[in-house]
Structures are given as C-alpha cells and as structure tokens.
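What follows is calculated from the coordinates using simple rules that are stated; it is not laboratory data. Predicted, not measured: the structure shown is a model, and the values here were computed from it. Neighbour counts are summed over all protein chains in view; Cβ atoms, including those assigned to glycine, are modelled from backbone coordinates with ideal geometry.
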Amino acid sequence: MRSSGEPRPERLRLRLLGTNVLRLPNTIAPGDIPSLCRDLRSLLLDGHPSMVLCDAAALTHPDVAAIDALARLQLTAYQLGREIALTGASSDLKELLSLAGLDRILPTRPASPLHPIGQAEQREVPGGIQKESDPTDPTT
C-alpha cells in the first residue's frame, strides 16, 4: 500500500485531445489495486470519455502485482463499456503483458502526449523577409 506521504497517481485531463490520462506509480503493491480501479472508474465516469490512457512511464520495474493491476484496470473499463490503453510502457512491461496473454486485450501506444519525442523543429525565416545588416553595427 502507499504510505501516507506518497501521493496518489495523478489524473490529468488533456482537453485538447479529449483524453483522460491515469499516471501509474513507479511500483504497484496488491493493496494499491482497489484505489487505482476507483481512480480509473472516476475518470471514465467524469465526462464519459470512451478511452483513458494509462501512463506507465514511471513503472520501470514491472512485476506480477503490476500485471494484476493492469488486468483489473482493463476489466473495470470493460465493465463500463469503455477502453484503456497503455502509453510509455517499457519493453519489460510489454514482455510481461505478452507472457500473461494480456497484450491482445490491453493495447499499447508508442508514446504519451505527456512525454514529447524528438527536438523542436527549426524554422527558417519566411521568404520575402530579409534582414538588413549595418556594417557599422557591432551586434550584426
């Protein structure tokens, strides 16, 4: 179970995409599963989204309890006629999901909108706008 000082998983609504995100903690104990399911149920019933993304980026050392939690989260969503998908899943987590046979019912997304990929694009000055330089100006 979480200690009293450890925060609950954050819930974040990405309004632009119309998607709710449930951030999973870095470790999941069996006692954490009921509260995770309550958090998911709350997200699914709040605004009635068809899908919630479970951000598993912090879950770096998945174990049987994590797989159990993900199975129960999927069951919670299914009972409400909704879906969840994992984002930010490590290769270890994907392998465990495959071994447990959950990879067919618990889809993974390649990256979370919370974790941008790559670098910002460099843009050129639009054509038609030219910089003037003054040979006497030391800043140019």
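Taking only the C-alpha atoms of the range 11-109, Rg followed by Dmax gives 12.3, 35 Å.
Provide 104, 109 in ascending order of the number of other Cβ atoms located within 10 Å of each residue's Cβ, fewest first.
Numbers: 104 8, 109 14.
Exposure proxy ranking, most exposed first: 104, 109.
Going by how many other Cβ atoms sit within 10 Å of their own, how do 55, 39 line up, fewest first? Don't jump to the answer; show the numbers that get you there.
On the way: 55 23, 39 20.
Result, fewest neighbours first: 39, 55.
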